[in-house]
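Nothing in this text is a laboratory measurement; each read-out follows from the coordinates by a stated rule. Being a predicted model, the structure only gives us computed values, none of them experimental. Glycine also receives a Cβ, built like all others from the backbone with ideal geometry; neighbour counts cover every protein chain displayed.
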Amino acid sequence: MFLKHKKLIVFVIFSFFIISIPASITAKGIKHRNFKSLGGDFKLRDQGGKIFTLKKLTGKVKLLFFGYTNCPDYCPFTLKKMVEVKKDLGKKALDVSFIFITNDPKRDNYIAIKKFLNKFDSEFIGLWGTEEQIKSVVKQYSAVYKIIDKKSENDYLIDHSIFVYLVDQDGILVKIFPFDAKKSVITLNILDLLNKNGN
């Protein structure tokens with residue numbers, strides 16, 4: 001049932017991109033002709049409790065992903081892929097930031113996020129905030145999430161969009177990768193941005 005909800009949401013999101021914004025959608029990613037209406041800076045807190053903005057990472061390429069620490073499948077898989085991308089980048093990874101944003105503000109505080117990310121890479125940035133703040137950032141990036149299979153106040157799953165967002169050195173969203181994007185494709189796109197800016 002969880003997977004069924006996932007497929008439905010992926011379909012809805014892809015439909016949004018196809019209908020609302022001129023785009024080229026392939027296995028290499030979703031590349032819009034006009035990204036002005038999506039993305040942008042925001043203010044949340046990192047796993048150290050410090051205020052975070054994308055502006056602080058000006059000059060670095062960013063890979064951004066929405067998920068939650070209790071996710072049983074897609075989030076761990078995507079984070080493992082990010083670990084592999086970072087490894088494949090070698091020294092170039094110093095110019096790239098990997099960002100995980102929770103869409104479960106009720107359960108995911110900075111302690112939970114830090115513990116979760118340490119299982120993958122302690123250098124990854126984990127972001128959290130109030131429900132209002134998270135909803136605002138999710139809306140900025142046209143992502144979605146919804147609580148499902150709720151058994152109690154703290155026992156539930158979250159159905160959410162599963163894209164990885166590529167943001168350039170100036171904080172501009174340039175590409176969105178689908179869940180099944182190969183790590184080699186993501187790596188090549190990052191290298192392309194780095195090479196264009198002389199990194």
Worksheet item: Do the conditions hold for Leu157, that is, is it surrounded by 15 or more Cβ atoms within 10 Å (Cβ to Cβ), aliphatic (A, V, I, L, M) and under 22 Å from Asp41 (Cα atoms)?
Response: no
Response to the item:
When (1) in contact (Cβ under 8 Å) with a residue 12 or more places away in the chain; (2) out of contact with any helix residue (DSSP H, G or I) (no Cβ under 9 Å at 6 or more places or on another chain) are applied to Lys56, the one that fails is (1)
